[in-house]
1. Filter the stretch 80-109 down to the residues that are aliphatic (A, V, I, L, M) and touching a residue at least 60 places away in the same chain (Cβ under 8 Å), then identify the one that is surrounded by the most Cβ atoms within 10 Å (Cβ to Cβ).
2. All but one of (1) in contact (Cβ under 8 Å) with a residue 24 or more places away in the chain; (2) over 21 Å from residue 43 (Cβ atoms) hold for residue 73; which doesn't?
3. Give me a count of the residues in the stretch 50-79 that are open to solvent by less than 90 Å² (accessible area, probe 1.4 Å) and either on the phi > 0 side of the Ramachandran plot or not in a helix (DSSP H, G or I) (or both).
4. Report, by residue number, each residue of the stretch 20-40 that is open to solvent by 80 Å² or more (accessible area, probe 1.4 Å), under 13 Å from the mean Cα position of the chain (by Cα) and modelled with pLDDT of 70 or more.
Amino acid sequence: MMHHDRGSIKWTSLMLPEHVDALQDIWQVQNDRQPPMLDDQQLSYYIHVLTEAYQTGEPIHIVYYKANEFREMNGWVLDWSEQDQAVRIQTMDDERKWIPLRHIKDMME
């Protein structure tokens, strides 16, 4: 029989409540995801890919940041807002979503 190590969780019963709270805060920070930091070159590349997908009508795959996590979506480019720096995608399930360009982590045609 193999022993299952529960990591630092096994020690929480021996800790003061303040230490448990501090440890939970650390775990929360580690699990939080941050929006991607895009430079101008990446942003320009994404705009190029989105423009091409819009013109050809080909679907694209996007990995984007929302609510402390990264999500994935497949769909078609419907619209682009230069003022808001966002793109509107129609998903395979016929949903329409606006995604800020600065929240896009990765994109594939």
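The values are calculated or read from the model by the stated rules, or taken from the named source; none is laboratory data. Note that the structure is a prediction, hence the values are computed from the model and not measured. Note: ideal-geometry Cβ built from the backbone for every residue, glycine included; neighbour counts use all protein chains shown. The area values use the complete protein model at the heavy-atom level, side chains included, leaving out ligands, DNA and RNA. Shrake-Rupley method; radii C 1.70, N 1.55, O 1.52, S 1.80 Å.
1. Applying the first criterion (aliphatic (A, V, I, L, M)) to the stretch 80-109 yields 86-87, 89, 92, 99, 101, 104, 107-108.
Narrowing the set further to residues that are touching a residue at least 60 places away in the same chain (Cβ under 8 Å) leaves 101, 104, 107.
On the way: 101: 19, 104: 22, 107: 18.
Checking each candidate, the answer is 104.
2. (2)
3. Here the count works out to 20.
4. Once the filter is applied, which keeps residues that are open to solvent by 80 Å² or more (accessible area, probe 1.4 Å), under 13 Å from the mean Cα position of the chain (by Cα) and modelled with pLDDT of 70 or more, the stretch 20-40 yields 34, 37.
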